[in-house]
Amino acid sequence: MKRILTLIVMVMAHVAAFAHEPIIIPTPKNIVLGEGSFTISPNSTIATRSSELHPLVDYCAKQIGLVKTNKSGDIELIIDNNLSGEEYRLAVTITGITICGGDYGGLFNGIMTLMQLLPEEVYNEGLQGSAEVPCCEISDAPRFEHRGFMLDVCRTWMDKEAVMNFIDLLAYHKINSLRLHLTDDEAWRIEIKSHPELAEVGGYRGGDSPIWPRYGKWNEKWGGYYTQDDMREIIAYAAARNIEVIPEIDLPGHSLCMATMHPEILCDYTRTNSASFGYDTRSAFCASREENYTLLANILGEVCELFPSEYIHIGGDEVEMSQWKRCPSCQALMHENGMSSTSELQQYFMLRLIDILAKHGKKPAVWNEAIEGGKLSDETLVYGWENVKECRTAATNYKTIVMPGQFFYFDMKQSAREPGHDWAAIFDWTKVYNFTLTAQGFTEVEQANILGFEGSFFSEAYASRNPESAEYLHYQTFPRIVALAEVAWVDGSERNETTFYTKMVEHYNRLDAIGIAYRLMPPKVVYKDGVLSASTDDGSDIFYSREPMGVEMLYTKPISTDKPAEYSFVARRGEAFSPEAGVATHFKTITPAFDITSSMNDSEKFSFDKAEGYGRIARTTRAGDVGDWVMFTFNEPVSCRRMKVATGNFQLPRYTFENGFVEVSYDGKTFERVGELDCGMYFIEYPSQPIKAVRITCTSRGNGAEWVSIQPPTIWPKL
Ligand code: ACM
Ligand code: ZN
């Protein structure tokens, strides 16, 4: 009887384990569950008869912890020419596992699916013991051939290891293209042997570097670049993971870094300060200077040799065309060629580069503005970023990658009080997940030209945080990349947010095992009948803190209180965390009238009264020097629990007082020193009296920036 009971319990446990479909993201086209399971262990063997799959067998041996064999294996990898490239079939029986794929990519996709049938330990330490793989047949293929991600390694330097770690995260989600944004105004990150100074000088800014140090690491000389050997390693590492690395050399604009080292590339005209934003920053190649094309032929020639990708991205975004309008020689070229707009001059420039690429057998990829001046070559691939409309315009004539910032720029904030930019939109993973071409108005003709979707991470705001840790990168990109992976794999008509969210919460177990600091949804906070409660639906723990102590405690039960605004809540699991949540009054701020005075003058365009209206940031007319000060004086003394005063802007950290101290006055006459600036800002916590004035005094010399920006104070009222 005991034996029978044991057997029943064993069978029931088995049924329970496989009662639901395995959690696989992106969702496969077809899964048929069978009876029983295959027992996999670190002694299981893996084999292939195709020599081209040897790197994949090596990958599995290392990542999953399997034994390579030349004989027949428990796991067999087979190229099947009846399958299209990235298509695969995965069959698990009680005796073994067979994966067939159209090509290396198809097999890699099959392996990624197999890993999701295994315990999540395969992601960090490999199989630690035996595990049951449910018998099943999975047939699957991606919706799009291009499932991409763009990493801006210019504004924030990410070294080879950081890039490789990120490649792993993309690969686990069957993303197959990584575009490295290798050059921009702030850095040049790839070694060019014919012009070694580009990376050796242009890879660093701050300290004694001549490179414009707009985005932080403060005054430290900081940065790096990839040698061509480094890049070959990255390319090979990515290729083994079915990811093609596409380089972007951003031309003709965004070239300030290059121009700092080679000012001769610029248009030659008399400097004025009436250009954009009140300063004359020349950042675009002169389109009429013939030597520029020789220089770019050398540079792009090396890039074409180094990168095996079909496409080379040559930029084309945000060219500040006023430079070409004021350049006599660009104007003459336009006149000679009957061009009426500077966009046509950009077309001319891009066509010259396209000729260079063609000589090396490469196709051009460009940002959407590059097609505004007229036709580029038919084989040009356009990356639509500005908005959906520009993506649609591109797709009427060109193969197009869809990545409008409003849905696919993962440097955007995920909710209003979170870090990141907001110029395109504020959105979390649900907006990515719900993006469909049909709902966005793409016609059938346009849809036929869409090669795929791409997410991106521009890194201006990363440099001012802690780029030595991947936390901010993870937080901004996950789980938005999980949603991207799904929408690039599964058609919109087959998606359901509720079902997907349930799966994603299970998938969090894998993200936890990998150690990703992804963003959790904020806890739901309800205050009713004197009771404050918080909940999550993602298996996270909730922690709360209460003002003024601010010590974080585990939340275990609803809180009876008549002061709900004193509480805030955060969800955590593994390395992941959520934004702060609470009742609305916890986050309320006030805007009492105040004046800004300073030892420095204010700029005409960004005058102090802009900040005094709490609408915008103000600017001085020069950088701060030792002894310079800025003072905020309130019309009436302000009673509050917290006040933040700041020079600079966390996204543009250069425009701060590099070092300084803060004084508070309760009567407007005598001042009491309360602390030092940290990253240009200071939080006055629980002041003992209403504040009449706050003064910030600079203790360091100007840092090379043209001004100091001054933010309105942020003031949280007493609770
Ligand atoms: C871009 O965001 N300037 C492509
Ligand atoms: Zn010019």
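We did not get these values from a lab; they are worked out from the coordinates using the rules stated. Nothing here was measured: the structure is a model prediction, and the numbers come from that model. As a convention, Cβ positions derive from the backbone with ideal geometry for all residues, glycine included, and neighbour counts pool all protein chains shown.
Structure notes:
- Two-site FRET efficiency, Ser51 against Lys359, from Cβ-Cβ distance with R₀ of 35 Å, rounded to 0.05: 0.60
- Antiparallel DSSP beta bridges within region 65-197, percent to nearest 5: 55 percent
- Extension gain (nm, one decimal) between Lys644 and Phe587, 0.36 nm per residue minus Cα-Cα: 19.2 nm
- Mean Cβ neighbour count within 10 Å, used as a protection proxy, ranking 207-214, 708-715, 49-56 highest first: 708-715, 207-214, 49-56
- For the chain, share of DSSP beta bridges that run antiparallel, in % to the nearest 5: 65 percent
- Per the chain, cysteines lacking a partner by the 4.7 Å Cβ criterion: Cys60, Cys100, Cys135, Cys136, Cys154, Cys257, Cys304, Cys391, Cys640, Cys679, Cys698
- Alpha-carbon spread of the chain, three principal axes, descending order, Å: 90, 77, 45
- Region 26-111: relative contact order in percent, alpha carbon pairs under 8 Å with at least 6 residues between: 27 percent
- Two-site label geometry, Glu344 and Ser329: point separation in nm, points 7 Å out along Cα→Cβ: 2.1 nm
- In terms of packing, defined here as the mean over residues of other Cβ atoms within 10 angstrom, the peptides 37-43, 454-460 line up highest first as 454-460, 37-43.
- Neighbour cut-off at most 10 other Cβ (10 Å), DSSP loop, trypsin sites (Lys or Arg not before Pro), region 255-358: Arg271
- Neighbourhood charge, 13 Å Cβ-Cβ cut-off, centred on Ser139 and excluding it, Lys, Arg +1 and Asp, Glu -1: -3
- Order of Glu446, Glu336 under a 10 Å beta carbon neighbour criterion, fewest first: Glu336, Glu446
- Taking a sphere under 11 Å around the Cβ of Lys413 and counting the other residues whose Cβ falls inside, with K and R at +1 and D and E at -1, yields a net charge of -2.
- For the chain, calculated [θ]222 nm from helices alone, where every DSSP H run of n ≥ 4 adds -39500 (n - 2.57): -8000 deg cm²/dmol
- Surrounding net charge for Arg289, when Lys and Arg each add one and Asp and Glu each subtract one, Cβ distance under 15 Å: -2
- If R0 equals 22 Å, the separation of the Cβ atoms of Thr227 and Asp168 corresponds to a calculated FRET efficiency of about 0.55.
- Thr342, Thr183 arranged by Cβ crowding within 10 Å, fewest neighbours leading: Thr342, Thr183
- Based on C-alpha pairs under 8 angstrom that are at least 6 apart in sequence, the chain has a relative contact order of 10 percent.
- Normalised contact order of region 481-603, rounded percent, pairs of Cα under 8 Å and 6 or more residues apart: 24 percent
- Trp188, Trp429, Trp423, Trp222 arranged by Cβ crowding within 10 Å, fewest neighbours leading: Trp423, Trp222, Trp429, Trp188
- Stretch gain in nm, segment Ser688-Glu494, where the contour uses 0.36 nm per residue and the Cα spacing is subtracted: 64.0 nm
- Distance between the modelled labels on Val67 and Lys718, one decimal in nanometres: 7.4 nm (7 Å Cα→Cβ projection).
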